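A short write-up of the structure that comes next.
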Amino acid sequence: MHLDIDEAGDTEDIESSRSQIVWCSEALMPRLSINAIHIWMQEFAQVQFCPSWFNFLDHDEKARAKEYVTPELYERYVIAHFFVRKVLARYLNCSPEHVFLYRGRYGKPMLGNDQLSFSISHTDKRVLVAVSADSSIGIDAEEIGDIPEWELIARRWFSREELEWLFAQPDIPEAFLHCWVRREALLKAHGAGFELPFERIRMPTCSGCAQVLLAQEHFVIKNVNVHCAPAVAQWVCALAYRL
């Protein structure tokens, strides 16, 4: 499979191709326009878990939920997957129980129409859902914290350019997370996930906005300014979308 980078893309042109990233909430949900991406976030600590939410999950999700060995992990998973239905229901003008998802060839969850693209990411503390009306998207987030094996992972999977950038940063473990979420978001946007050779993806930059040619398709990848989110930023996040 061919993976390469289109380094000719102009950053300003790339930025303008998807000019609106909107953090949404119960009180703020503007119309989802073309060239806009909505991001929703829910802190797990702010949710009163409801056991009946399990019934909203599909067969595969229920099986996955039952694999979690602690109540806390089980509840986070159920909350996250109920939350994505709750978000999508607002765009579809229906109730969450009428949001039916299916999985693409590589397991990416999708709606049974071409009207919306969405992506979900959850950490130990929060779940995020990104929604677009006209582009395949991917979002990934990680909590900032100690990662004992960051160097082993980086040397196994990252490109030479990423490693050079990484080891030049003042806070290397946090910089590692910035690199990691960009890669994860890109694979989610493509839809094939780890079916693509993760170690052969070459990133032109590890920060800012960049255009990547992945498996013959052009994508934009950028770090999301989580300081714009309605919470104190103790995490990193990246967003990718198909041009």
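Okay, here's what the table says:
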quantity	calculated
Order of L186, L32 - criterion: other Cβ atoms within 10 Å of each residue's Cβ, fewest first	L32, L186
Loop-located chymotrypsin sites (Phe, Trp or Tyr not before Pro) in the range 82-181, at most 13 other Cβ atoms within 10 Å (DSSP)	F100, Y106, F167
Separation between Cα centres of the range 99-113 and the range 134-165, rounded to whole Å	26
Cβ charges +1 (Lys, Arg) and -1 (Asp, Glu), total dipole of the range 22-126, debye	220
Dipole-positive endmost among S135, L163, W180 within the range 130-197 (Cβ charges, Cα centre)	S135
Electrostatic dipole magnitude of the range 81-153 [Cβ: Lys, Arg +1; Asp, Glu -1; Cα centre; debye, to 20]	540
Translational diffusion coefficient (Stokes-Einstein; Kirkwood radius from C-alpha pairs) of the range 61-119 at 10 °C, 1.306 mPa s, in µm²/s	127
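Every number in this text was worked out from the coordinates using simple rules, so none of it is lab data. In this text the structure is predicted, and so the values were computed from the model without any measurement. Here the Cβ is made from the backbone with ideal geometry for all residues, glycine too, and neighbour counts use every protein chain on show.
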